[in-house]
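We did not get these values from a lab; they are worked out from the coordinates using the rules stated. Because the structure is predicted, anything quoted here is derived from the model rather than measured. Because the Cβ atoms are built from the backbone with ideal geometry, glycine has one as well, and the counts that use them run over all protein chains shown.
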Amino acid sequence: MSKRNLVKIILTSLLLMAVIVACTTVPLTNRKQLSLIPASEIQAMSYQQYDQVKQESKLSTNQAQVNMIKSVGARISNAAEAFLKQEGVNMQFDWEFILIEDDKTPNAWCMPGGKVAFYTGILPFTKNETGVAVVMGHEVAHALAQHGNERMSQGLLVQLGGLTLAKALEDKPELTQSLWMQAFGLGAQVGFLLPYSRKHESEADRIGLIIMAKAGYNPNEAIAFWERMKEASGGQAPPEFLSTHPSDDKRIADLKKVLPEAMRHYQK
């Protein structure tokens with residue numbers, strides 16, 4: 001065996017060991033996931049990006065809608081922390097909820113650390129407070145399951161050889177920024193469906209349903225919400241195997257399977 005091949009084998013083995021050590025577990029589903037970025041680093045970047053979004057966006061002055069987002073946010077965040085405590089997961093949050101005035105963008109997202117943004121363009125689909133809870137529970141679930149960290153870690157591993165976030169920002173700031181935008185879906189123009197894989201979406205649907213139920217919102221409303229989304233798409237969504245997200249019909253069917261589990265929390 002040549003010296004070069006030996007070095008490659010050693011480096012590959014070390015990389016595989018690092019990946020194994022860097023694995024965490026998703027609450028509820030117990031799926032193993034790649035997590036190369038310490039929570040402190042990813043939250044620091046999250047808060048910086050959130051402040052930038054607030055500075056560059058027009059925040060809504062519709063006090064009734066703003067209050068609704070904050071009210072739902074308070075209940076969902078309390079339920080989310082109770083859920084994590086029940087699952088034995090220790091995560092830190094500095095919750096904040098804003099409503100961005102942009103009627104053309106049906107979007108919402110939650111960054112690590114509990115930084116949440118809704119766009120006014122999603123409100124015609126949510127219809128009411130419970131509909132907002134459907135979307136917010138789903139988005140907060142992405143943060144609880146650390147899906148953004150997982151996608152960012154995958155990007156760092158594949159495109160930057162597993163560099164730390166700090167080193168990646170120093171050596172490849174533009175690429176790192178692009179990875180961050182892709183991982184957390186910032187700037188997405190097709191709504192909050194864009195950033196995550198089908199596996200992530202399904203996990204967020206299940207966890208989000210339980211969170212909204214724990215917060216005192218009827219999880220049956222999730223079915224009505226996705227039926228409205230399906231109707232709004234006009235049947236133009238691509239087949240599921242061509243998409244990174246569950247088809248509307250598949251998503252609704254999967255949600256119906258989880259409903260009995262969620263309803264037990266709602267009835268309590």
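Step through the table entries LYS58/LYS250; LYS167/LYS250; LYS32/LYS214, compare each Cα-Cα distance with 29 Å, and write down the pairs that go over it. The answer is LYS58/LYS250; LYS167/LYS250.
What is the calculated FRET efficiency for GLN63 to LYS104, with r their C-beta to C-beta distance and R₀ = 30 Å, to the nearest 0.05?
0.85
Distance between the pseudo-spin-label points of GLU174 and GLU231 (7 Å out from Cα toward the beta carbon): 4.6 nm. Note on LYS172: lysines with a C-alpha under 26 Å away, same-chain residues under 8 apart excluded, are LYS8, LYS54, LYS115. Which net charge results for the neighbourhood of SER57, defined as the other residues with beta-carbon distances under 15 angstrom from its beta-carbon, given Lys and Arg at +1 and Asp and Glu at -1? Around SER57, the charge tally is -2.
Net length available on complete extension from ASN218 to ASP249 is 9.1 nm, with 0.36 nm assigned per residue and the Cα-Cα distance removed. Amide H contacts for SER60 (H built 1.01 Å from N in the peptide plane; partners 5 or more residues away or on another chain; cut-off under 5 Å): LEU99, ILE100, GLU101.
Over all other residues within a Cβ to Cβ distance under 11 Å of GLY113, the charged ones net out to -1, with Lys and Arg as +1 and Asp and Glu as -1. Relative protection proxy for 220-230, 55-65, from highest mean packing down: 220-230, 55-65 (other beta-carbon atoms within 10 angstrom).
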